[in-house]
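First up is the structure itself, then whatever we jot down about it.
The values are calculated or read from the model by the stated rules, or taken from the named source; none is laboratory data. Note that this is a predicted model, so its numbers are computed, not measured. Positions of Cβ are backbone-derived with ideal geometry, glycine not excepted, and every protein chain shown enters the neighbour counts. For the accessible areas, the whole protein counts, side chains as well, though only heavy atoms, and no ligand, DNA or RNA atoms are used. Shrake-Rupley method; radii C 1.70, N 1.55, O 1.52, S 1.80 Å.
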Amino acid sequence: TDAADSIKQVHDRMPAIIAPANYAFWLDPAVDDVPALKELLKPSAELLEARPVANPKHPRDDDATLITLVAPQRE
């Protein structure tokens, strides 16, 4: 979905996060209320946190160190 204001500095899109209370409605194949389903696709940035992380040294790097919090860089 479109990015929430707090995420736009990172990317113009973000995942749509369906609240657990809406799982059954979202996943029910019998639901044909498209407007109500679309209403669930709103940006939900309060569940996400944007923060600086370490840069990978190589594209093969794929471990927990890639999400280790680092000090913000000053511009």
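Some notes on this structure:
- Candidate set: the stretch 33-54, residues that are farther than 23 Å from residue 70 by Cβ and open to solvent by 100 Å² or more (accessible area, probe 1.4 Å); chosen: the one nearest to the chain's Cα centre (by Cα): 46
- Scan of the stretch 5-27 for residues that are farther than 15 Å from residue 39 by Cα and either in a loop (DSSP other than H, G, I, E, B) or among the polar types (S, T, N, Q) (or both), ordered by number: 5, 6, 7, 8, 9, 10, 11, 12, 14
- For the stretch 1-32, the set of residues classified as of a type in the set (Asp, Glu) and surrounded by fewer than 10 Cβ atoms within 10 Å (Cβ to Cβ) consists of 5, 12, 32, listed by residue number.
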